[in-house]
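The values are calculated or read from the model by the stated rules, or taken from the named source; none is laboratory data. Treat the numbers as computed from the prediction; the structure is a model and nothing was measured. Please note: Cβ atoms are built from the backbone with ideal geometry, for glycine as well, and neighbour counts cover all protein chains shown.
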Amino acid sequence: MEVRQKCRKSVTYQGIMPHMTDSAIDSLDTLRQRIRNFAQARAWERYHTPKNLVMALSVEMAELLEPFQWLTAEQSRELNTEQHEAVRQEIADVLIYLTRLADVLGIDPLEAAADKLAINARKYPVDQAYGNALKYSAHQTKQGSSDD
């Protein structure tokens, strides 16, 4: 089944039904507001400092790594249903904490991502970065050495 999402990406669920909630979250703004409401209803705002949110985000990222630990590259592309659901849950946790952190700091994550993609496009020009995984400084060194 194919599901259209507002992130302009088509997502295909491979034999796994998408989880539906009482109120679907169809945009980053809706997600941000739902997270705010969740925290406010529990009086958790005082705990949602940037430091605490970054620490929680780091923990969730580590938990996202766990299902992939010791897998080969090929195995990591072919997760079983249980592994897939574990990854799905951890991605949700990471997204929630990252969205909350951006909200608390007044950062628009979509704007920040667009800016970062523009920076990366300059750092990794296609003619130098195509087909390799070298860090941008290696491209600059390569450029510099050809001028000598």
**Any chance Asn37 is over 16 Å from the mean Cα position of the chain (by Cα) and surrounded by fewer than 12 Cβ atoms within 10 Å (Cβ to Cβ)** = yes
**Filter result (more than 13 Å from Val59 (Cα to Cα) and either part of a helix (DSSP H, G or I) or at pLDDT below 95 (or both)) within segment 80-91** = Thr81, Glu82, Gln83, His84, Glu85, Ala86, Val87, Arg88, Gln89
**Item:** Residue count for segment 34-51, restricted to those that are closer than 12 Å to Ile96 by Cβ and free of Cβ contacts under 8 Å to residues at least 40 places away in the same chain
**Value:** 2
**Request:** Please name all residue pairs, on different chains or six or more residues apart, with Cβ atoms under 9 Å, provided the first residue is in segment 101-113 and is of a type in the set (Val, Ile, Thr) and the second residue is assigned to a loop (DSSP other than H, G, I, E, B).
**Result:** Val104/His48; Val104/Thr49
